[in-house]
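Student: Submitted below is the structure of interest, expressed as structure tokens.
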Amino acid sequence: MGHPVDVEIDLDRDVFLRTLVRELATSLESVIGLEEASGYISVVGQAVGTQIDEMYLKALGVERLSPEQVAAALVDLKRRIKGDFYVIEQDEEKIVLGNRACPFAEKVLGRESMCMMTSNVFGTIAARNLGYASVELQQTIARGDAGCRVVVHLVPGAEVGLGREYFADVDALPPHPGSGSVPA
């Protein structure tokens, strides 16, 4: 008879936590449906996004991230948690990101509600610093795509119906360094 310590099983803190999140998403989706489960996970994602944003602001010693810093922070935070996001394109109206590896790895397959973590973390960070964001998940590994394509729209417009909107209190936003006012 073998001893549990002597057997090879794929279990460590990372696998355990990813499994835990997947099972929570599975339970929510099966009890209340995908849309409501996504809503619950969105609340968590917003709180996590706020905390991560505060980490970057403190580490960089700024009151507000520039659009370029927002894009870099989104890529960096995912890198730190074993995602593989990269900027496809960026302009004044949007940041388009690709991704080759989900931080949840195989645990995300078939669990689209888990993508709300990405949507809300990205949307919260962008909106807190730039005033507004609408996050469109065009492709996701969870849905079976080879990778993810996420568009963070930075100005309200026709694309609003395609993504989730995130807002900040523009009056409370400090101006970007070097600018005299907050853009409208």
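Derivation of every value follows stated rules applied to the coordinates shown; laboratory data play no part. All of these numbers come straight from a predicted model, not from anything done at the bench. Cβ coordinates were reconstructed from backbone atoms using ideal geometry, including for glycine residues, and neighbour counts include every protein chain displayed.
Student: Where residues in the range 54-110 are of a type in the set (S, T, N, Q) and in contact (Cβ under 8 Å) with a residue 40 or more places away in the chain, which of them is nearest to Leu154 (Cα to Cα)?
Tutor: Per the criteria, the residue is Ser66.
Student: Shifting gears a bit: Tell me, which strands (runs of 3 or more DSSP E) lie completely within the range 123-169 with 3 or more residues that are surrounded by fewer than 21 Cβ atoms within 10 Å (Cβ to Cβ)?
Tutor: Passing ranges, in order: 132-139, 164-167.
Student: Quick check on Ala101: is it among the small types (Gly, Ala, Ser) and surrounded by 20 or more Cβ atoms within 10 Å (Cβ to Cβ)?
Tutor: The answer is no for Ala101.
Student: Only residues that are assigned to a helix (DSSP H, G or I) and of a type in the set (Phe, Trp, Tyr): list them for the range 45-96, please.
Tutor: Of everything in the range 45-96, just one residue is assigned to a helix (DSSP H, G or I) and of a type in the set (Phe, Trp, Tyr), namely Tyr56.
Student: Got a number for residues in the range 83-110 being among the basic types (Lys, Arg) and under 16 Å from Gly123 (Cβ atoms)?
Tutor: Of the residues in that region, 1 qualify.
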